[in-house]
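A.B. asks: One structure, as structure tokens, below. Some questions next.
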Amino acid sequence: MQLRPYQQAALAAVLEAMRTERFLLVQAATGAGKTILFSALIRHCMERWNMRIGVLAHREILVRQARDKLLSVWPEGKDSIGLACASVSHDVDLFRPVIIGSPQTLAGRLKEMPPLDLVIIDECHRVPPANEKSQYKTLLDTLEQYYPKIRVLGVTATPYRLGHGYIYGDECRPGKKNWWPKLHTKIGISTLQEQGFLVPLRAKQSDDVSDELGSVGIRKGEFNTSELSDVMEKELHIRSAVHAWKKYGEGRSHVVAFCVTIRHAEKLKNAFLHAGISAAVIHSQMDREERMTALRSFETGACRVICNVGVLTEGWDCTAVDCILMCRPTLSPALYVQMVGRGLRIHPGKTDCLLLDLSGNCVRHGDVDDPYVEVPSGKKKKNEEKKERMKVCPQCESLVSMTFRECPECGYQWPETVIVEKGDVNMTDVSWGAQTAKVSSWSASSYTSKNGNYLFRLSMSCAIQGVAMPVLVNHFFDFEAQSGIWMQSRSRVAWRELAGTEPPMTVDEAVSRMGELHVPDHIQIKRKDRFYNVTGWRA
């Protein structure tokens, strides 16, 4: 199987880091083919170094998926793969070179196993902190004790946890310790969309439901499920979900609705059926055969809407999904991103995915490719519910109330929110801040970062609609892999797009060849903190 270019770059970055580092982390968006990626790594390690490798996945479907994808990448390795998951196979095989299993099954059997050289943890955002008691901690501590040189690779689309912050580095709750010191490579949603491996996302949101959710309690950082369901089961919200789909998404043939509880899902399904729309429910209390029957009906198009409760957020890949009906408010950015990701895969005849948000999640979490991740301070927040939400003026950078239409400092006026259509449910288009910028001039030079990295800097003076003064947009090329092979690969891809020539090997060579660059008149940019980042080289 031929890897995609970004998969090849990610694989090279991991192999390079494995030489000197023990804990490695890959962020790969839904649809990036993360299972294919680590299957290619397994094949490489087996064929080059004859390693012993363990793959950990917390759900039966992920164990099966890992086995099937590994066989597709490495069919000749069939006799080298053993399973250690009671729900998949009654025979636990610990003596094959590659073991794919659940942490529950492996935790009590480590003394029976031959040594492992590499452990791969799928959906590693589920691994609790390193200084917190857990099954994963027991497993990893024991593996380190038995095999001091073992490598641990974590793979996830969402490297953050609710109530914790990021699962790498120091950006986490005070007093907690992460297993992974840094993120080694990232394959983001926007990158995959630009390269045609994911479809564009169109999003519409209804009126914010935050006021209604003010009475819902918070438990372990998330909305109380029972109280949340009481709110979302109201006839108003059930009816609005059906009307939203009929008004904006009636041409969509594969609709996944995310619900709070089984009772909520049943009510929504019945509302669709009452409206003459084929619908079904899927949840964890159904037996496997019932679930498979419902999924087959949906995938073949016999059932148009499937109302899901906590089942279709991980490990399910129906590429035909073209509409997400989000009726499940969440405080978890990871869950939000996982839900949206179900609809972004490419499929014949599919041009985009429509997100109909009736939960307030778009407002709460923002851009699915770069969601807001709260890093808890450890201090209790008083009267948090009474705080006004604030926004930053794009012209003078003053912090003002979300309710202001005009900045009191400089007079900048925010564009009016446009109601797409009036009726039983009003929804507005969602934009997460990507802007088209007109490039008026540019220059290039070498640059040394605060970390001492020697880079090639492309500086562009840009005009943005609604901003009086030109803004400076810097884009950095790391041709010498000083920040890692991942950044070097991205830099080489960007050079080919702008110059159409083979990329330079060094920064000094890039400076001498800057005349080859053809910077377009318009580019796509997005603001992050005080700076603007390039998100696309063609507007």
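We did not get these values from a lab; they are worked out from the coordinates using the rules stated. Since we're looking at a predicted model, the values are computed, not measured. Cβ sites come from the backbone with ideal geometry, for glycine too, and all protein chains shown count toward neighbours.
A.B. asks: Taking a ≥ b ≥ c as the square roots of the eigenvalues of the Cα gyration tensor of the range 434-536, is the shape rounded (a/c under 1.5), prolate (a/b larger than b/c) or oblate? Present the calculation step by step, with values, prior to reporting the outcome.
C.D. replies: Details: a/c = 1.92, a/b = 1.51, b/c = 1.27.
Prolate is the answer for the range 434-536, as a/c is 1.5 or above and a/b outweighs b/c.
A.B. asks: What is the set of long-range amide H partners of ILE187 at a cut-off below 5 Å, with H atoms built 1.01 Å from backbone N?
C.D. replies: GLN27, ALA28, ALA29
A.B. asks: Now, a different point. Please label the shape of the range 199-365 as rounded, prolate or oblate, based on the square roots a ≥ b ≥ c of the eigenvalues of the alpha-carbon gyration tensor (a/c under 1.5 means rounded; beyond that, a/b larger than b/c means prolate, else oblate). If you can, show how the numbers build up before the last one.
C.D. replies: Values: a/c = 1.42, a/b = 1.30, b/c = 1.09.
It comes out rounded by the Cα gyration axes.
A.B. asks: Per-residue counts of other Cβ atoms within 10 Å, averaged by peptide: what ranking do you get for 237-244, 165-172, 450-457, 31-38, highest first? Write down the numbers at each step before the final one.
C.D. replies: Values: 237-244: 20.4, 165-172: 18.4, 450-457: 14.8, 31-38: 23.4.
Ranked by mean Cβ neighbours within 10 Å, highest first: 31-38, 237-244, 165-172, 450-457.
A.B. asks: Let me ask something additional. Counting Lys and Arg as +1 and Asp and Glu as -1, each charge on the Cβ, what is the dipole of the chain about the Cα centre in debye, to the nearest 20? Let's see the in-between values first.
C.D. replies: Numbers: 69 positive and 62 negative charges, 155 e Å.
So the dipole magnitude of the chain works out to roughly 740 debye.
A.B. asks: Next question, about the same structure. Taking neighbour Cβ counts within 10 Å as the exposure measure, how do THR20, THR319, THR501 sort from fewest upward? Could the numbers behind the result be given before it?
C.D. replies: On the way: THR20 6, THR319 17, THR501 11.
Listed from fewest to most nearby Cβ atoms, that is THR20, THR501, THR319.
A.B. asks: Using 0.36 nm per residue of separation minus the Cα-Cα distance, give me the extension gain between ARG239 and ASP170 in nm, one decimal. Kindly include the intermediate steps, with their values, before the conclusion.
C.D. replies: On the way: separation 69, 0.36 × 69 = 24.84 nm, distance 4.45 nm.
The ARG239-ASP170 span can extend by a further 20.4 nm.
A.B. asks: Okay, next question. For the range 166-287, calculate the relative contact order in percent as a whole number, restricting contacts to Cα pairs under 8 Å that are 6 or more residues apart.
C.D. replies: Details: 64 pairs, mean separation 16.6, N = 122.
Worked out over the range 166-287, it gives 14 percent.
A.B. asks: Ok, one more. Could you list TRP180, TRP316 so that the one with the fewest beta carbons within 10 Å of its beta carbon is first and the one with the most is last? Before the final figure, lay out each step's value.
C.D. replies: Details: TRP180 23, TRP316 15.
Arranged by neighbour count, lowest to highest, TRP180, TRP316 become TRP316, TRP180.
A.B. asks: Checking understanding here: applying a Kyte-Doolittle mean of at least -0.5 and a length along the axis of at least 15 Å (C-alpha), which whole DSSP H helices in the chain pass?
C.D. replies: The qualifying helices are 5-18, 34-49, 60-73, 485-499.
A.B. asks: Among bridges DSSP assigns within the chain, what percent are antiparallel (round to 5)?
C.D. replies: On the way: 41 of 89 bridges.
Roughly 45 percent of the beta bridges in the chain run antiparallel, per DSSP.
A.B. asks: Now for a separate question. Taking the dipole about the Cα centre of the chain, with the C-beta of Lys and Arg at +1 and of Asp and Glu at -1, give me whichever of SER278, ILE485, VAL534 is farthest to the positive side.
C.D. replies: Checking the options against the dipole of the chain, the answer is ILE485.
A.B. asks: Here's another thing I want to ask about it. Does the chain come out rounded, prolate or oblate, given a ≥ b ≥ c as the square roots of the eigenvalues of its C-alpha gyration tensor, rounded meaning a/c under 1.5 and, failing that, prolate meaning a/b above b/c?
C.D. replies: Working: a/c = 1.57, a/b = 1.04, b/c = 1.51.
Because a/c hits 1.5 or more and a/b fails to exceed b/c, the chain counts as oblate.
A.B. asks: Test of understanding: what is the full-extension gain from TRP432 to MET469, defined as 0.36 nm times their sequence separation minus their Cα-Cα distance? List each step's numbers first, then the result.
C.D. replies: Values: separation 37, 0.36 × 37 = 13.32 nm, distance 2.19 nm.
Contour length minus the Cα-Cα distance gives 11.1 nm.
A.B. asks: Run the helix sum for the chain: -39,500 (n - 2.57) per DSSP H stretch of 4+ residues, divided by residue count, reported at 222 nm to the nearest 500 deg cm²/dmol. Working shown, then result.
C.D. replies: Values: 15 runs with 153 residues, N = 539.
Using -39500 (n - 2.57) per qualifying helix, the result is -8500 deg cm²/dmol.
A.B. asks: Stretch VAL363-SER443 to full length: gain in nm at 0.36 nm per residue minus the Cα-Cα span? Could the numbers behind the result be given before it?
C.D. replies: Details: separation 80, 0.36 × 80 = 28.80 nm, distance 3.70 nm.
Extending this stretch completely gives an extra 25.1 nm.
A.B. asks: Same structure again: Expressed as a rounded percentage, what relative contact order does the chain have, with Cα pairs under 8 Å and six or more residues apart? Kindly include the intermediate steps, with their values, before the conclusion.
C.D. replies: On the way: 1009 pairs, mean separation 67.2, N = 539.
That works out to 12 percent.
A.B. asks: Do the alpha carbons of any pairs in LYS204/LYS246; LYS133/LYS176; LYS69/LYS149; LYS137/LYS177; LYS246/LYS269 sit beyond 19 Å of each other, and which pairs?
C.D. replies: Check vs 19 Å cut-off fails for LYS69/LYS149.
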